[in-house]
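Working notes for the structure below.
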Amino acid sequence: MGTDVILFVLRLTAGVLLMVWLGALFVVMWRDYRSAVQEAQASRRTYGQLIGLREIDGSYLRTGQIYPLLSLTSIGRAPTNTITVDDNFASNEHAFVALRNGQWWLEDRRSRNGTTLNGMMVKQPIVITDGDVIGIGQLRFQLELDR
Amino acid sequence: MISAVHFDTEASSRTMTERVLLLLAGMFILVSLVALSVARGEPFSDNWSAFFVWIVCAVGGSLIMQRWLPRHDPLLFPLTMFLSGWGVIMIDRLAPVFADRQMLWLVVSVVSLLAVAIFPYGLRWLRTYRYLLLVGGLALLVSTIVFGSNPSGQIGAPRLWLNIGIGFFQPSEALKIILVAFLASYLAEQYPALRAVGTDHARMWLSPRIYGPVLLMWGLCVVVLVWQRDLGTAILFFIVFITLLYIASGYTWILITGAALVALAGIIAYNQFSVVQLRVDIWFNPWPEADGRAFQIVQSLLAFAAGGVFGQGIGQGSPGYIPVVHSDFMFAAVAEEFGQLGSVVVIASIAMIVVRGLHTAIRQQRRAFNALLAVGLSMLIATQSLLIMGGVLKLMPLTGVTLPFLSYGGSSLLMSFVMIGLLLRLSAEEL
């Protein structure tokens, strides 16, 4: 009688584990699907603007150009960039502005003439905030985030 | 390019997923082993070594891949280990004589999987040396016609194996991967032509680019069928090939023509070969010969009935009535001892492997070879599983292929693991 009870309990456990296994597979797939959907939406969503500026005698003037800010915005002369700039001092693939873990990062892509942040050279990826001015060649962009 | 912080959180959540799934799989295997020991009435039998070998394989594989292949798909490895661990226990239960050998093959398979997944030039070599590999694979196949043997030693049984001293190896298993890799790289080369916009479709119809490989494959399948009487492998090659060609080109007529060719080949084979005739006849109506030639399939159906929804419990059913249950009819044994629940879990797990493979293919769609290889390997696993599960359930004529991961068979297990290794490698490739 003892063996029967043990075998019954083991059968029950095995059955429950099989169902948990199915459930775990379902949860993993569901989370994967959700994150894929979010990724697809995030790549299209805009988070603010980059406002084109021109520096004249130490003060900034708006050029009137406003670019949407995506979760990954690339700047450079090549037409494949999110923001294509026409500037003799800009490289084909010049810089990234990217959202990572809730912070905005500016990253130079080994451009020939470098990228500046508020007038200072960017050597490695750096956190930027609302109002910062990014310099690409002779062009300036001010970061304006949506609230 | 993308900062390390970002990937670290993602990689650790992948690792967590993999570990949780492996833990669940391990718990199930442990419970099944305990139940098997209790049912046999020998609580401390030597089958405990199976569990420890499985644990070492699972933990070792997971750790090695976390270190050397951090961006791999988190589902493929636990699913593979779950199914193969379950398979080893079922073999221990059904044919204890073969259990140790299957364990050895499992270790070899896991090592091969890790080697294929981690070695960085594997995919490139598959492309570069495709003709060499194809010729080698075909030579192996031809060599079975000359030197082939059958482990069971029966006269007249299909001689599909090569005796390599330490065991028997089935070259058609290796040929499966080689053929898929060859076709993927061939079709990837033809991709621009196949996908060109505004080409004359009537001319594409007749282009040797398309019918050339069709004829080659069809001829190969006929050779396999006629000389080897290996119905399952022939139909498997052909279905996977048609699917690959369809996915590469996008022409629906390929599927229709393929189905017609399969039907035609089936009709001819039915009239020519007694084996095929028997299989179709007992599929159509097994009951008049339930004690004779249809004994296996009828016993399989009875096993499904005996299993019910929750099964008899491992070691408590009687799947032994089905002849050679540990290889082709493993699915029936699982259904009897774990019931409909167990069958559903097997189907879901295999389907999940296929889904992850196709998911990899979609992610890699900008690299034609990678995408087509992932599709081909997934379709191999899917088609083979469908053929044997459908055959065991009498939904279609029985074709003698193994159920991937679960069935007894060294070369089958090894090659299934190599396929998963390739899929893992593909899933970790850069986009």
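The values are calculated or read from the model by the stated rules, or taken from the named source; none is laboratory data. In this text, all values refer to a predicted model and were calculated from it rather than measured experimentally. Positions of Cβ are backbone-derived with ideal geometry, glycine not excepted, and every protein chain shown enters the neighbour counts. Just so you know, the surface numbers come from the protein's heavy atoms only, side chains and all, with ligands and any DNA or RNA stripped out. Shrake-Rupley method; radii C 1.70, N 1.55, O 1.52, S 1.80 Å.
Annotations
- Ranked by the mean number of other Cβ atoms within 10 Å of their residues, highest first, the peptides B:88-99, A:98-109, B:70-81 fall in the order B:70-81, B:88-99, A:98-109.
- With all pairs of different C-alpha atoms in the average, the Kirkwood value for the hydrodynamic radius of the stretch A:62-105 is 11.2 Å.
- Sorting B:ARG130, A:ARG31 on solvent-accessible area from highest to lowest, probe radius 1.4 Å, gives A:ARG31, B:ARG130.
- Around the amide H of A:GLN65, modelled in the peptide plane, lie the amide H atoms of A:GLY52, all under 5 Å away and 5 or more residues distant in sequence or on another chain.
- FRET efficiency for A:VAL16 and B:ILE55, using Cβ-Cβ distance with R0 set to 22 Å, rounded to 0.05: 0.55
- Computed over protein heavy atoms with a 1.4 angstrom probe, the accessible surface ordering of A:ASP132, A:ASP32, largest first, is A:ASP32, A:ASP132.
- For the protein assembly as shown, the mean residue ellipticity at 222 nm estimated from helices alone is -21500 deg cm²/dmol, where every DSSP H run of n ≥ 4 contributes -39500 (n - 2.57) and the total is divided by all residues, rounded to the nearest 500.
- For the stretch B:235-253 versus the stretch B:29-68, the spacing of their alpha-carbon centroids is 40 Å.
- When only alpha carbons of the protein assembly as shown are considered, Rg and Dmax amount to 28.6, 101 Å.
- The share of accessible area on the stretch B:2-428 that comes from carbon and sulfur is 68 percent, using a 1.4 angstrom probe.
- Karplus-derived HN-Hα couplings along the stretch B:325-334 (A = 6.51, B = -1.76, C = 1.60, θ = phi - 60°), whole Hz, x at Gly and Pro: 5, 6, 9, 6, 9, 4, 4, 5, 5, 4
- Solvent-accessible surface (1.4 angstrom probe) belonging to B:LEU220, in square angstrom, nearest 10: 30 Å²
- Between A:ILE66 and B:VAL309, the FRET efficiency estimated from the beta carbon spacing at R0 = 51 angstrom works out to 0.20.
- Summed buried accessible surface, chains A and B, 1.4 Å probe, nearest 100 Å²: 2600 Å²
- With 20 Å bins from 0: P(r) over the stretch B:2-428, alpha-carbon pairs, percent: 25, 57, 17, 0
- Taking B:PRO208, B:PRO397, B:PRO319 in turn, the Gaussian network model of chain B (Cα-Cα springs below 10 Å) assigns the largest fluctuation to B:PRO208.
- Put simply, the amide H of A:ASN113, placed in the peptide plane, has neighbours under 5 Å in A:SER91, leaving out anything fewer than 5 places away on its chain.
- Considering only B:GLY320, B:GLY311, B:GLY421, the mean-square fluctuation computed in a Gaussian network model of chain B, springs between alpha carbons under 10 angstrom, is largest for B:GLY320.
- In nm, spacing of pseudo-spin labels at A:GLU55 and B:LEU395 (7 Å Cα→C-beta vector): 6.9 nm
- Between the stretch B:317-342 and the stretch B:373-387, the Cα center-to-center distance that results, in Å: 23 Å
- Reciprocal of mean inverse Cα separation for chain A (Kirkwood radius, Å): 18.4 Å
- Debye intensity ratio in log₁₀ form over the Cα atoms of the stretch B:226-347, taken at each q of 0.11, 0.16 Å⁻¹: -0.54, -0.93
- The residues of the protein assembly as shown present an accessible area of 48 Å² per residue when probed at 1.4 Å with all protein chains retained.
- Average other protein chain Cβ within 10 Å of Cβ, residues A:4-12: 5
- Among B:ILE353, B:ILE314, B:ILE268, the residue with the largest mean-square fluctuation in a Gaussian network model of chain B, with springs joining Cα atoms closer than 10 Å, is B:ILE268.
- At R0 = 41 Å, FRET efficiency that the Cβ-Cβ distance of B:LEU278 and B:TRP68 yields, to 0.05: 0.25
- Label zone at A:ASN118, where the point sits 7 Å out along the Cα-to-Cβ direction: the stretch A:35-73 residues whose backbone N lies under 20 Å: A:49-62
- Centre separation in Å (Cα based) which lies between the stretch A:87-147 and the stretch B:87-126: 51 Å
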